[in-house]
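The values are calculated or read from the model by the stated rules, or taken from the named source; none is laboratory data. Because the structure is a prediction, the values reported are computed rather than measured. Ideal geometry is used to build each Cβ from the backbone, glycine not excepted, and the neighbour counts take in all protein chains shown. The protein model used for the area step is the full one, side chains on, heavy atoms only, and it has no ligands, DNA or RNA in it. Shrake-Rupley method; radii C 1.70, N 1.55, O 1.52, S 1.80 Å.
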Amino acid sequence: MITSEQLKDILLRTATLRDCLNIDAKKIEYEEERLRTQAPDFWDDPARAREQMKKVGELEKWLDSWRKADLAAQELQLAFDFCKDGLVSEEELDDDYRKALTAVETLEMKNMLRQKEDPMDCVLKINSGAGGTEAQDWAGMLMRMYMRWAEKGGYKVTVADIQEGDEAGIKSVTLQIEGGEYAYGYLKAESGVHRLVRVSPYNAQGKRMTSFASVFVSPLIDDTIEVYVDPAKVSWDTFRSSGAGGQNVNKVETGVRIRYLYTDPDTGEEEEILIANTESRKQQQNRENAMRLLKSQLYDRAMKKRLAAQAKIEAGKKKIEWGSQIRSYVFDDRRVKDHRTNYQTTDVDGVMNGKIDEFIKAYLMQFPAEN
């Protein structure tokens, strides 16, 4: 049975959220913005109308989340009082507490996602580290983990480009994760080096092996955001897509590769950005998506400079090896630990099947100022 202190904690956190989120102001803003959608000429400008509907929808989601947390807190208060009189069992009270705690924690975590980019879709790229087949297999396992997480969250996952491993796994993959809430806001917590320790099935002596893979996450921009791409610095290559597919695969050069000579506006240093896309069987569609991925990368770089996160970017460029990992997955010891937050779990199978929300929550709650 929960204590009176646990009840007070939930009620206090709910009241604090009401103030932090400016719920009263959001209610007024929601009504004002909703009235604008009822104007007779509202759909005369479809693009502007869609933006307005998106704004109304976002406000509505915040208010719905708040109402859910507030209602759960009120029901917990009633259940606590009724439990004293024997009208509610201790099991029912504890169940109401878990519901209220989940609703409050979900809203608290969402409150950490205040940056302009957080609600956006995202691009997630995985690169295997040194180590051959073992590292490539680990990169493939991470790809499956993130795809499982996305599927459970109702996101759409598209493989924009993939390089298969020599014997197993992958050398690299680029995933587009779209169609759900706060894809970038949540998955930005995953950027960094991920370390695996296990008895390798690819080692004849059955030795314990350590492998590394890097994960980079950037927001996937849409048509409402303008990013300048200097056409003089763009060049294109085409190639035949590989793997199973339609009649064009391995016969027509549908795969595209865009090369962009990026100049750092602060240092003047030049760097070639290389993006391949083999998602579609039509070259033009692959060109359009490759350009979209390029713009997303350019936007991501500008965003991180704006957030004064240059130190983080440089840290993300560390060699994929010892000392740079953000998380360790130790299969033999049944342990997964995040080195930034010290959150850990023994549910290794659950994590590898996409159960990473607790890691994401721990990161967002511990580093609110940086986010």
Per residue solvent-accessible surface (Å²) - the chain, probe of 1.4 Å = 54 Å²
Once amide hydrogens are built 1.01 Å from N within the peptide plane, the residues lying 5 or more places from V88 or on another chain with amide H under 5 Å from its amide H are C83
Scale the Cα Rg of the chain by the rule-of-thumb value 2.2 N^0.38 Å and send over the ratio, two decimals.
-> 1.14
Could I have the simple spin-label model distance between N203 and L274, label points 7 Å from Cα toward Cβ, reported in nm to one decimal?
-> 3.1 nm
What is the magnitude of the charge dipole of the chain about its Cα centre, with +1 placed on the Cβ of each Lys and Arg, -1 on the Cβ of each Asp and Glu, and no other charges, expressed in debye to the nearest 20?
-> 1200 debye
Using alpha-carbon pairs under 8 Å, 6+ residues apart, how would you state the relative contact order of the chain in percent?
-> 15 percent
Would you please name the chymotrypsin sites (Phe, Trp or Tyr not before Pro) within the range 179-241 that are DSSP coil residues with at most 12 other C-beta atoms within 10 Å of their C-beta?
-> Y228
In deg cm²/dmol and to the nearest 500, what is the mean residue ellipticity at 222 nm of the chain if only DSSP H runs of at least 4 residues count, each as -39500 (n - 2.57), divided by the residue total?
-> -14500 deg cm²/dmol
R0 = 30 Å: FRET efficiency of T102 with R144, Cβ-based, nearest 0.05?
-> 0.65
Find how much the distance from S4 to R340 grows on full extension, using 0.36 nm per residue of separation minus their present alpha carbon separation; answer in nm with one decimal.
-> 117.7 nm
Expressed in nm to one decimal, what extension gain is obtained for the pair R18 and R48 from 0.36 nm per residue of sequence separation less their Cα-Cα distance?
-> 7.8 nm
Inter-label distance for D64 and K156, nm, one decimal - labels placed 7 Å from Cα along Cα-to-Cβ = 1.9 nm
Provide the per-residue ³J(HN,Hα) series for the range 94-106, in order, calculated from phi with Karplus coefficients 6.51, -1.76, 1.60 and θ = phi - 60°, each as a whole number of Hz, with x at glycine and proline positions.
-> 5, 5, 5, 5, 4, 5, 5, 5, 5, 5, 5, 5, 4
With a point put 7 Å past each Cα toward its Cβ, work out how far K55 is from F239 in nm, to one decimal.
-> 4.5 nm
